[in-house]
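Structure first, then comments.
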Amino acid sequence: MNTILRKSVLGIAGLAFTGGVFAGPVAAHAADTTHAAKPVAVTVQGDKLIPHGVQGEQSRIELDDEQTANVKAIIAATKKAGMDERAAVVSIATALQESKLENLGHLGDRNDHDSQGLFQQRPSSGWGTVEQITDPEYSTLAFLKGLKQVDGWQDMPLTKAAQTVQVSAYPDHYAQWEQQAADLVAEHWNK
């Protein structure tokens, strides 16, 4: 295929995709009357928060006051580390997957080894003491220190950046939280 034809086809496909991204969820929501009583967040984030678009099906949970306080603590620690909103999105999505933004202590038989805190970090793996990794600021700064060491994390899909730091048995699970994490950063970053 010649270059001009190829660029034209890709340009039209890009316009069609962009139109679907921006108009699709709104139009779908307008036509759907079965869920009218439920609040639906239709959010379009800029390139800064979701530069690669979301991957796969997205999950969302309602947050209580403790979880919201942990979101705010992650954002504050991200700012303290001198990192941007995208770093906060990666951090919050990771904490959503690891702990549902709950600062978990030792869970007894349900514990994954000695994992604790928002990011399920392990003292035995060098993340810090139990007291440190159950402190939201410390655990976020520890996660962000690991993220900073990942070359090109800003240009990676969220799940790859998170997995490189976390080394999870379920590396693709982080992606499902990207939209909610971006919505939370958009809501709380400037507060």
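The values are calculated or read from the model by the stated rules, or taken from the named source; none is laboratory data. This structure is a prediction, so every number in the text was calculated from the model and none was measured. Please note that ligands, DNA and RNA were not included when accessible areas were found on the heavy atoms of the full protein model with its side chains. Shrake-Rupley method; radii C 1.70, N 1.55, O 1.52, S 1.80 Å.
So the values come out like this:
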| item | result |
| --- | --- |
| Cα-only radius of gyration and Dmax that characterise segment 64-191, units Å | 13.2, 40 |
| Segment 144-191 - percent of accessible surface contributed by carbon and sulfur, probe 1.4 Å | 48 |
| With eigenvalues of the C-alpha gyration tensor scaled by 5 and rooted, segment 114-175, Å | 21, 13, 9 |
| Those aspartates and glutamates that a straight Cα-Cα span of less than 16 Å connects to Lys72, excepting residues fewer than 8 apart in one chain | Glu62, Asp64, Asp84, Glu85, Glu102, Asp135, Glu137, Asp183, Glu187 |
| Filter on Lys145/Lys191; Lys48/Lys191; Lys160/Lys191; Lys80/Lys148; Lys79/Lys191 - keep pairs with C-alpha separation over 22 Å | Lys145/Lys191; Lys160/Lys191 |
